[in-house]
Amino acid sequence: MSESIDPEGAHLAALRRLADFAGARVFEVGCGDGRLTLGIARDAATVFACDPDERDIATARQRLPRDLGGAVTYAVGSAREIEIPRAGFDIVVFSWSL
């Protein structure tokens, strides 16, 4: 399980110090298995998250709690390849994708 990478939640805490996700429309590039997506989505209005690895996206979708299902959308592909929704975004996160 991916929480073992950051069991104390330090990575998510660092992101929260940099940006206020409360009510924000967030685009997460390179979301992997959704390790950070779920924490971001707890505060954000919506999260559109993408990753080129189909297995990671499948895992992320399986781990998505029902209460966040309407707020999170996962897509397979890189930010250059996928069709990004026309909705605007307030914050773009790409913490481990560069």
_Please verify whether Arg42 is under 11 Å from the mean Cα position of the chain (by Cα), surrounded by fewer than 17 Cβ atoms within 10 Å (Cβ to Cβ) and modelled with pLDDT of 90 or more, treating the condition exactly as stated._
yes
*asked:* Please go through the stretch 31-59 and give me each residue that is under 20 Å from Ile82 (Cα atoms) and in contact with a Pro (Cβ under 8 Å, 6 or more places away or on another chain), ordered by number.
replied: Phe48
*asked:* I need a count of the residues in the stretch 61-76 that are part of a loop (DSSP other than H, G, I, E, B) and surrounded by fewer than 15 Cβ atoms within 10 Å (Cβ to Cβ).
replied: 3
*Select from the stretch 17-39 the residues that are among the charged types (D, E, K, R) and loosely packed, with under 15 Cβ neighbours inside 10 Å and write down the one among them that is nearest to Ala75 (Cα to Cα).*
Asp20
*Looking at the stretch 45-60, which of the residues that are in contact with a strand residue (DSSP E or B) (Cβ under 6 Å, 6 or more places away or on another chain) and assigned to a strand (DSSP E or B) is surrounded by the most Cβ atoms within 10 Å (Cβ to Cβ)?*
Val47
_Residue pairs meeting the criteria (Cβ under 7 Å; at least 6 apart or on separate chains; first more than 19 Å from Arg17 (Cα to Cα), in the stretch 73-98; second surrounded by fewer than 13 Cβ atoms within 10 Å (Cβ to Cβ) and modelled with pLDDT of 95 or more)_ = Val76/Glu54
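Name the single residue that is farthest from Glu81 (Cα to Cα) among those in the stretch 14-30 being of a type in the set (D, E, K, R) and assigned to a helix (DSSP H, G or I).
So the first thing to find is which residues in the stretch 14-30 are of a type in the set (D, E, K, R), and the list is 16-17, 20, 25, 28.
Applying the additional criterion that residues be assigned to a helix (DSSP H, G or I) yields 16-17.
Details: Arg16: 28, Arg17: 30 Å.
Among residues in the stretch 14-30 that are of a type in the set (D, E, K, R) and assigned to a helix (DSSP H, G or I), the one farthest from Glu81 (Cα to Cα) is Arg17.
The values are calculated or read from the model by the stated rules, or taken from the named source; none is laboratory data. Keep in mind that what you see is a predicted model, and the values were worked out from it rather than measured. Glycine also receives a Cβ, built like all others from the backbone with ideal geometry; neighbour counts cover every protein chain displayed.
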